[in-house]
Amino acid sequence: LAKSTLSQLEAGSGDPAIETLWRLADALGVSVAALLEAPRKEIEVIRAGEGPPARSDHADYLARLLSAAGPGTRRDLYVIEAAPGAPHLSAGHLSAAHGPGTREHVVIMRGRARLGPRGREVELAAGDYAAYPADAPHTFEALEPDTRAVLIIEHG
């Protein structure tokens, strides 16, 4: 990360893209969710459109953290909001790879998307589910406007 980017984040004036958050989390040895989630309450309610957002610099892709892995657990839960255009690329030149053994689980709630390991992507529609290794280059590409999905990252 550039020193200027880190300085802005420390000062609370930065608005980091998801790719920046992945790099920072990787450097700190924590999940992205650990950087975003507030302390847990007894009952947690996150209304539609709420939750800490993380946007992509390279695609019309927004991930809203719903639940981070707590102590002794190994999963994070997000809602994805995406639109057609450049695909969101993970574990490649745009963002750091997930740790070894990590898998992503995706359920499309609205719209259609092409996702999965690069070169072996699958197309999903509303109600469809897919799981795939996320410790290698993978992608999420919305094929319709206002595509929404639930993403669970199961850390290896």
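Between residue 129 and residue 86, what length in nm is gained on full extension when 0.36 nm per residue of separation is reduced by their alpha carbon distance? Don't jump to the answer; show the numbers that get you there.
Working: separation 43, 0.36 × 43 = 15.48 nm, distance 2.19 nm.
Result: 13.3 nm gained on full extension.
Using mean Cβ contacts within 10 Å as the protection proxy, how do 103-111, 6-14 order, highest first?
103-111, 6-14
On a full-extension model of 0.36 nm per residue, what is the gain between residue 28 and residue 74, subtracting their alpha-carbon distance, rounded to one decimal in nm?
In short, 14.9 nm is gained.
Modelling each spin label as a point 7 Å along the Cα-to-Cβ direction, I'd like the residue 7/residue 105 distance in nm, to one decimal.
4.4
Which order, highest average first, do 123-134, 53-64 follow once you tally other Cβ atoms within 10 Å for each residue and take the mean per peptide?
Packing order, densest peptide first, comes out as 53-64, 123-134.
Each reported figure results from applying straightforward, stated rules to the coordinates on display, with no laboratory input. Since we're looking at a predicted model, the values are computed, not measured. We place every Cβ from the backbone using ideal geometry, glycine too, and count neighbours over all the protein chains shown.
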